[in-house]
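Structure first, commentary second.
The values are calculated or read from the model by the stated rules, or taken from the named source; none is laboratory data. If you're wondering where the values come from, they're calculated on a predicted model, not measured in any experiment. Backbone-built Cβ (ideal geometry, glycine too); neighbour counts: all protein chains shown.
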Amino acid sequence: MISATESLARLRQGNQRFVEGVPVGFTSQDRPLPSAKSQEPFAVILGCSDSRVPTEIIFDQGPGDLFVIRVAGNIVAPSQIASVEFATEYLGARLVVVLGHAQCGAVTATLKEMETPGAINMPNLKAITDHITPALVNDDRCMNLKDEQARLARAISINVDTSMAALKDGSSLIAEGHAQGRFLVVGAEYSLETGVVRFR
């Protein structure tokens with residue numbers, strides 16, 4: 001299994017190929033299908049379910065390369081924590097990326113609900129926005145921004161940080177693994193306009 005540093009470099013290079021329009025990973029006809037008996041993903045990506053953010057494609061990786069966990073708003077609940085634990089402890093992935101993205105609908109809905117309580121009339125969506133709300137409320141800079149797009153961008157960034165912290169706070173395996181350098185937990189944001197993934 002490759003190191004966290006090598007894994008991060010591979011994701012950066014893949015995203016660069018995607019941006020430049022010269023993908024080789026996901027569409028390659030030469031690479032074999034992954035083994036049916038085992039899997040060895042080199043990175044875990046906890047990202048949003050947004051259909052505009054196809055994880056393997058934006059990183060130009062093929063089947064078997066990434067362990068992808070997708071949930072609206074890239075929030076962290078027990079099932080996401082367990083999935084990351086499985087990928088790092090049993091599959092040997094050395095890199096965990098929490099991937100947010102521009103114009104996130106879940107974060108947008110959270111801000112709307114904060115501004116107009118009761119605006120969300122779907123209880124299950126409210127369960128997602130309730131995950132996102134506390135960190136935004138506690139960030140004076142976010143709440144004081146008058147420009148809606150600037151506020152949304154700030155909220156998306158905060159949400160990535162919150163999910164990274166939640167992974168470590170919710171799991172001694174993840175916290176210790178990161179602290180001991182067995183794997184790396186990083187944040188990133190994807191631009192819908194440019195296709196660029198910016199890592200923290």
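Observations on the structure shown:
- Of the residues in region 160-175, not one is touching a residue at least 12 places away in the same chain (Cβ under 8 Å), under 28 Å from Phe18 (Cα atoms) and part of a loop (DSSP other than H, G, I, E, B).
- Screening Gly100, Gly62, Gly118 for residues that are on the phi < 0 side of the Ramachandran plot, of a type outside the set (S, T, N, Q) and part of a loop (DSSP other than H, G, I, E, B) leaves exactly one candidate, Gly62.
Every residue, every condition in (1) basic (Lys, Arg); (2) out of contact with any Asp or Glu (no Cβ under 6 Å at 6 or more places or on another chain); (3) buried (at least 17 other Cβ atoms within 10 Å of the Cβ); (4) without any contact (Cβ under 8 Å) to a residue 12 or more places away in the chain, yes or no:
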{"site": "Gly92", "(1), (2), (3), (4)": "no, yes, no, no"}
{"site": "Ala102", "(1), (2), (3), (4)": "no, yes, yes, no"}
{"site": "Lys112", "(1), (2), (3), (4)": "yes, yes, no, yes"}
{"site": "Asn121", "(1), (2), (3), (4)": "no, yes, no, yes"}
{"site": "Asp140", "(1), (2), (3), (4)": "no, yes, no, yes"}
{"site": "Leu145", "(1), (2), (3), (4)": "no, yes, no, yes"}
{"site": "Ala150", "(1), (2), (3), (4)": "no, yes, no, yes"}
{"site": "Arg154", "(1), (2), (3), (4)": "yes, yes, yes, no"}
{"site": "Ile158", "(1), (2), (3), (4)": "no, no, yes, no"}
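Table: residues versus (1) among the aromatic types (Phe, Trp, Tyr); (2) out of contact with any strand residue (DSSP E or B) (no Cβ under 9 Å at 6 or more places or on another chain); (3) farther than 20 Å from Arg182 by Cα.
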| position | (1), (2), (3) |
| --- | --- |
| Ile58 | no, no, yes |
| Arg70 | no, no, yes |
| Asn74 | no, no, yes |
| Gln80 | no, no, no |
| Ala93 | no, no, no |
| Thr116 | no, yes, yes |
| Asn121 | no, yes, yes |
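- Qualifying positions in region 190-200 - in contact (Cβ under 8 Å) with a residue 40 or more places away in the chain and surrounded by fewer than 20 Cβ atoms within 10 Å (Cβ to Cβ): Ser191, Leu192, Glu193, Thr194, Gly195, Val196, Phe199, Arg200
For every residue, the table says whether it meets (1) at pLDDT 95 or above; (2) not basic (Lys, Arg).
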| site | (1), (2) |
| --- | --- |
| Arg10 | yes, no |
| Gly14 | yes, yes |
| Val24 | no, yes |
| Ala36 | no, yes |
| Val71 | yes, yes |
| Gln80 | yes, yes |
| Val96 | yes, yes |
| Gln103 | yes, yes |
| Thr108 | yes, yes |
